[in-house]
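The values are calculated or read from the model by the stated rules, or taken from the named source; none is laboratory data. Keep in mind that this is a model prediction, so the values were computed, not measured. With ideal geometry, Cβ positions are generated from the backbone for all residues, glycine too; neighbour counts draw on all protein chains shown.
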């Protein structure tokens, strides 16, 4: 998928300056890397999405600036795969595997991203089924508007447990990342400023071709607000 940073989207008073998407095919380069041997699929997918996003504007998203960046991660099901692996192993062998337990914590993927990219700004994890994307965007926008950070990453990720695949209608998994900043910051760093007016309300839902509140398992991945937003920015002709 071609990713573009030429189109920015205004949500509330916050500007989206870049976006990136990652899927199953993006996992392969990380399989043999030592840093990812204990990482979950969610961790690897989100890392790849954020890495792609940073590559769009590396002169702006420097390590020094990332250290002051905020991070909000949304996953409707949370760390359900790692939790299932931990409970299955405990039931079958009586052994509580530390790596599964560690990765089952609700903010483990968020923590992994913060460590890997040196993010020390405000960090939040949202696990709220179909409402999570909406909430994550609001949190990211609030952090910017309240001056708590200059930039804020909003990341959505989902990996589909086999129990919820097939007949459930879920036909997509992956990660999306968008970077928020204020209009003043976008001008300060000469970031793309071609804005499309979007607000998180019924009008926004109409423009994004989704319904609020989102309903149903199928909507969780296919129409998650952060993922849909990244889709729209990456492919503005859609």
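Side notes on the structure shown:
- Helices (runs of 4 or more DSSP H) contained entirely in the range 16-98, each with at least 2 residues that are modelled with pLDDT under 90: 41-56, 80-93
- When residue 76 is tested against (1) out of contact with any helix residue (DSSP H, G or I) (no Cβ under 8 Å at 6 or more places or on another chain); (2) surrounded by 22 or more Cβ atoms within 10 Å (Cβ to Cβ), exactly one condition is not met: (1).
- From the options 55, 67, 34, residue that is within 15 Å of residue 118 (Cβ to Cβ) and exposed (fewer than 15 other Cβ atoms within 10 Å of the Cβ): 67
- Enumeration of residues in the range 115-160 that are out of contact with any strand residue (DSSP E or B) (no Cβ under 6 Å at 6 or more places or on another chain) and assigned to a loop (DSSP other than H, G, I, E, B): 118, 120, 127, 128, 146, 147, 148, 150, 159, 160
- Qualifying residue in the range 99-110 (condition: within 27 Å of residue 190 (Cβ to Cβ) and modelled with pLDDT of 90 or more): no
- Search result, residues across the range 115-126 that are more than 12 Å from the chain's Cα centre (by Cα) and under 14 Å from residue 42 (Cβ atoms): 116
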